[in-house]
Each structure stands twice: as C-alpha cells, then as structure tokens.
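Below you'll find the structure, written out as structure tokens, and then a few comments.
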Amino acid sequence: MASLLIRQIDDNLKRQVRLRAAENGRSMEEEVRRILRAALEVPSPEEEGRRKLEELAAKEIESRRPRGQ
C-alpha cells in the first residue's frame, strides 16, 4: 500500500478529524482513509474482496444449473 503525507492542514480541520475518529473508535489515519473512500466512492479492500467472492459464488451456482432452465 502507498503512503500519503498531507502538509499545511488547518488546525481546526485536524481537530475535527481527531474528534470524528474518537467518536467512531478509530485512529485518525483510518478515519481519513474512510473519508477519502466515501468521497471518491472507492470500496474498501474488504468490500472489494466480498464483491469478488459474491461474483465467483454466482458463477459457480450458474454453472451447476441444468441447461434450459
């Protein structure tokens, strides 16, 4: 995974992220990751893995279905 360093963050913005993270029981880093994913509509690695498993399961079920039905 890549790292991202953001400089010149307004003190109030940092405080808001810290408070939001604490309210959600997460680190500031995890809170920012979630904020970015939500803003960019990017699924988390867990969500992406779950989606892939669901696709594979659906293909497996379809392949076992008798033809013509």
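Computed from the coordinates by the stated procedures, all read-outs in this text should not be read as laboratory data. Just so it is clear, the model here is predicted, and its values are computed rather than measured. Note: ideal-geometry Cβ built from the backbone for every residue, glycine included; neighbour counts use all protein chains shown.
Tabulated data
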item	result
Among [x] 26, 19, 14; [y] 23, 16, 9; [z] 41, 12, 9, the entry that matches semi-axes √(5λ) of the Cα gyration tensor in Å as calculated here	[z]
Per-pair calculated FRET efficiency, R0 = 35 Å: E48 and K14 via Cβ, rounded to 0.05	0.75
Helix axis angle, 45-64 relative to the chain longest principal axis, alpha carbon, degrees	10
Choice from A57, A22, A38 with maximal GNM fluctuation in the chain (Cα, 10 Å cutoff)	A57
DSSP-loop GluC sites (Glu not before Pro) across the chain, with at most 14 other Cβ within 10 angstrom	E41
Crossing angle, helix 11-23 versus the chain [Cα axis fit, 0-90 degrees, rounded to tens]	50
Nonlocal amide H pairs with R26, under 5 Å, H built at 1.01 Å	none
